[in-house]
1. Pairs needed: first member in region 173-191, among the hydrophobic types (A, V, I, L, M, F, W, C); second member anywhere, at pLDDT 80 or above; C-beta distance under 6 Å; at least 6 residues apart or different chains.
2. Please find, within region 192-205, the residue that is surrounded by the fewest Cβ atoms within 10 Å (Cβ to Cβ) out of those that are touching a strand residue (DSSP E or B) at 6+ places or on another chain (Cβ under 6 Å) and either under 15 Å from Glu174 (Cα atoms) or free of Cβ contacts under 8 Å to residues at least 12 places away in the same chain (or both).
3. Is it fair to say Val169 is surrounded by 14 or more Cβ atoms within 10 Å (Cβ to Cβ), modelled with pLDDT under 70, aliphatic (A, V, I, L, M) and under 30 Å from Leu388 (Cβ atoms)?
4. Going by what's in this entry, would Thr298 be described as under 24 Å from Phe73 (Cβ atoms), touching a Gly at 6+ places or on another chain (Cβ under 9 Å) and either of a type in the set (Asp, Glu) or exposed (fewer than 15 other Cβ atoms within 10 Å of the Cβ) (or both)?
5. Please state which of the following conditions Ala123 fails to meet, knowing it meets all the rest: (1) closer than 21 Å to Thr270 by Cβ; (2) among the hydrophobic types (A, V, I, L, M, F, W, C); (3) modelled with pLDDT of 75 or more.
6. Do we find that Val255 is in the same structural domain as Gln184 (by TED's automatic domain parsing), at pLDDT 85 or above and closer than 17 Å to Gln184 by Cα in this structure?
7. Just name the residue that is surrounded by the fewest Cβ atoms within 10 Å (Cβ to Cβ) out of those in region 304-319 that are among the β-branched types (Val, Ile, Thr) and in contact (Cβ under 8 Å) with a residue 60 or more places away in the chain.
8. Which members of region 281-313 meet the condition of being over 23 Å from the mean Cα position of the chain (by Cα) and in a strand (DSSP E or B)?
Amino acid sequence: MPSTRSLQPLRSGLKLSAPALSRFASILVLVLAMVGTISAQTLPSGPFGFVVNSVFNDSSTQGGAAILGLMNFDGNGNVSGPYTLELGSLDGVGEETITGNFTGTYSSKPDGTGTISLSLPAAGVTLTLAMAIANHDLQLVVTGCVGSPCNLSEAVMSGIGAAEFNGAVSPFTEKSLNGSYGFQSTKVAPSPLTTVGVWTFDGAGNLSTSGKVVTPGPTQQSAVQVGATYSVNADGTGTITIPPQTGAAMGQTHVFVITNNHSELLTLQTNRAGDGVLYSIGQLQATAQATASPISLTYAAQKVGTTSAARKVTLKNNLSTALTIQPFTFTGADPNDFGVSTTTCGTSLAEKSSCTISVVFKPTATGARTATLNVTDGANNSPQTVFLTGTGE
């Protein structure tokens with residue numbers, strides 16, 4: 001039975017075993033599709049949740065590696081964020097879970113291509129990534145690796161990841177998750193397995209789950225898990241803890257990233273039951289009670305003191321009852337550089353209907369300017385937020 005380690009924070013000078021370093025290198029060849037409203041002529045900005053899955057090509061390895069976290073682009077060439085790294089079992093070496101933070105820089109050309117450099121000092125790794133921005137998507141592939149883990153003697157041939165724009169910079173709490181989400185997770189080793197079900201968050205840190213495990217072939221197994229809890233960090237990352245159930249020796253731990261205005265989560269299972277399951281990557285989705293779209297706006301360069309053309313944000317009420325709306329606010333680094341010119345939204349929005357908010361950009365200084373439009377309403381995923389960015393010249 002392979003060993004299982006609990007989450008451990010990275011510390012300066014952390015020493016990883018040679019097999020662990022080699023396994024860590026397996027995640028370095030990856031592709032991320034980052035969904036957001038991004039112009040090919042500007043630097044990407046805002047937070048992106050991402051999850052990456054890779055599989056070893058070594059037959060003695062039970063699976064591979066996975067990583068989940070946040071990439072925070074500041075709009076001015078810097079990127080940083082937290083991550084959780086999951087390493088599969090290799091030649092009798094137990095699974096490992098590592099958490100930490102990365103920092104880096106990025107640049108882009110007018111044609112949408114660019115470069116990202118990431119530093120993971122605790123692991124002694126520096127990565128170079130090529131990026132391409134097209135059709136509101138950001139795609140990345142690792143093109144260089146410096147450090148001892150870069151000896152890819154047991155390397156994965158490729159890795160694939162998916163990411164969603166976080167859509168908010170305001171603090172998250174347990175109240176940010178309140179409602180039921182459809183869930184699907186996939187295990188890749190030692191044999192494929194898919195789980196589907198419903199996870200219900202109560203807004204106060206408790207979680208109930210029910211679902212069905214679908215194995216290759218006709219066999220299906222239904223289960224209801226009890227006693228689960230969850231916690232949410234201010235940046236939208238969090239942890240789900242499921243205690244051991246009847247007949248199971250171990251429970252489960254999942255880390256997650258909240259994306260798309262609380263309506264979607266990317267999840268990564270980080271505590272296996274000791275049966276060779278290395279990791280499980282899933283996606284939780286639900287229809288939010290209210291939504292604001294688009295979830296980000298990027299304005300063209302604007303002379304300081306002048307006002308841009310208005311860009312519209314649509315607020316939609318998905319409830320079967322009226323939605324109360326409070327006055328709009330702007331927060332973030334430069335809240336005075338953006339404003340509402342007109343709106344069709346009043347103090348209440350009828351059931352299953354929409355209204356619009358016209359937002360203008362009026363820079364007070366040169367350089368990158370950012371803020372967040374906050375729409376506080378009666379929905380359980382309030383406030384609705386729109387990340388705003390522009391350049392003063």
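The values are calculated or read from the model by the stated rules, or taken from the named source; none is laboratory data. The structure displayed is predicted, hence computed values, not measured ones. All Cβ positions, even for glycine, are placed from backbone atoms using ideal geometry, and neighbour counts span all protein chains on display.
1. Taking only residues 6 or more apart or on different chains, the pairs are Leu177/Phe201; Phe183/Gly197; Phe183/Trp199.
2. Out of the qualifying residues, it is Gly203.
3. yes
4. Spelling it out, it is not the case that Thr298 is under 24 Å from Phe73 (Cβ atoms), touching a Gly at 6+ places or on another chain (Cβ under 9 Å) and either of a type in the set (Asp, Glu) or exposed (fewer than 15 other Cβ atoms within 10 Å of the Cβ) (or both).
5. It fails just one condition, (3).
6. Spelling it out, Val255 is indeed in the same structural domain as Gln184 (by TED's automatic domain parsing), at pLDDT 85 or above and closer than 17 Å to Gln184 by Cα.
7. Taking region 304-319 and keeping what is among the β-branched types (Val, Ile, Thr), we get 304, 306-307, 313-314.
Checking the rest, the ones that are also in contact (Cβ under 8 Å) with a residue 60 or more places away in the chain come to 304, 313.
Working: Val304: 14, Val313: 24.
The residue in question is Val304.
8. Scanning region 281-313 gives Gln302, Arg311, Lys312.
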